[in-house]
Amino acid sequence: MFSISVKGRYGITAMIELARHHGHDPVRIRDIAERFQLPRNYLEQIFNRLGKQKLVQSVRGKNGGYTLAADPSRVTVMMILEALEGELSLAKAETDPALRILYGEVEGEVKKKLDISLEQMIELQEKHARRMMFHI
């Protein structure tokens with residue numbers, strides 16, 4: 001079954017948090033870890049990888065932390081997952097031509113759905129939060 005690893009889930013969560021603070025002060029890993037109850041050491045490894053892929057920038061100093069390397073409208077969930085997990089490939093290893101076609105189509109649909117920007121994710125979260133508040 002296709003699933004996104006813990007590394008991918010934590011990475012997406014952290015990147016959405018950076019997107020929420022885009023244009024403001026850098027965000028510290030410690031603050032993200034505390035807010036979402038994530039392991040700080042693991043987040044450091046994730047941010048190291050995201051930095052190597054040029055998705056985040058490290059800001060040194062007293063008020064240091066991390067910022068997005070691009071506008072939240074230009075960073076997608078797919079970009080984050082590929083940076084952390086590698087290329088999504090369901091069809092490459094398949095030898096049966098019919099299954100390779102089927103898996104290729106499924107892969108295309110998954111990539112299309114994951115091509116959602118961090119900005120769109122924030123809007124989706126806010127829409128869901130408003131809906132939850134309405135039902136309470």
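Which number in (1) surrounded by 15 or more Cβ atoms within 10 Å (Cβ to Cβ); (2) under 24 Å from residue 116 (Cα atoms); (3) touching a residue at least 24 places away in the same chain (Cβ under 8 Å) marks the one condition that residue 28 misses?
In the conditions (1) surrounded by 15 or more Cβ atoms within 10 Å (Cβ to Cβ); (2) under 24 Å from residue 116 (Cα atoms); (3) touching a residue at least 24 places away in the same chain (Cβ under 8 Å), residue 28 misses (2) alone.
Hey, could you check the stretch 71-119 for residues that are without any contact (Cβ under 8 Å) to a residue 12 or more places away in the chain and of a type in the set (A, V, I, L, M) and say which is farthest from residue 15 (Cα to Cα)?
Of everything passing the filter in the stretch 71-119, 98 is farthest from residue 15 (Cα to Cα).
Tell me which residues, restricted to the stretch 78-107, are assigned to a helix (DSSP H, G or I), surrounded by 12 or more Cβ atoms within 10 Å (Cβ to Cβ) and small (Gly, Ala, Ser).
83, 104
Within the stretch 1-25, restricting attention to residues that are among the hydroxyl-bearing types (Ser, Thr, Tyr) and over 10 Å from the mean Cα position of the chain (by Cα), which residue is surrounded by the fewest Cβ atoms within 10 Å (Cβ to Cβ)?
Among those that are among the hydroxyl-bearing types (Ser, Thr, Tyr) and over 10 Å from the mean Cα position of the chain (by Cα), it is 3.
Checking residue 16 against (1) closer than 17 Å to residue 88 by Cα; (2) in contact (Cβ under 8 Å) with a residue 60 or more places away in the chain: exactly one of these is not met. Which one?
(1)
Among the listed residues 31, 71, identify the single one that is closer than 20 Å to residue 6 by Cα, over 13 Å from the mean Cα position of the chain (by Cα) and among the charged types (D, E, K, R).
31
Specify which of the listed residues (43, 68, 50, 38) is under 30 Å from residue 103 (Cα atoms) and either buried (at least 20 other Cβ atoms within 10 Å of the Cβ) or without any contact (Cβ under 8 Å) to a residue 40 or more places away in the chain (or both).
It is 50.
Tell me the residue from 86, 65 that is touching a strand residue (DSSP E or B) at 6+ places or on another chain (Cβ under 8 Å) and at positive phi, please. Don't jump to the end; show me each part of the working.
On the way: 86 fails: touching a strand residue (DSSP E or B) at 6+ places or on another chain (Cβ under 8 Å).
Only one candidate passes the filter, namely 65.
Readers should treat all values here as calculations from the given coordinates under stated rules, not as data from a laboratory. All values derive from a computational prediction rather than experimental measurement. Heads up, the Cβs are rebuilt from the backbone with ideal geometry, glycines too, and the neighbour counts pull from every protein chain shown.
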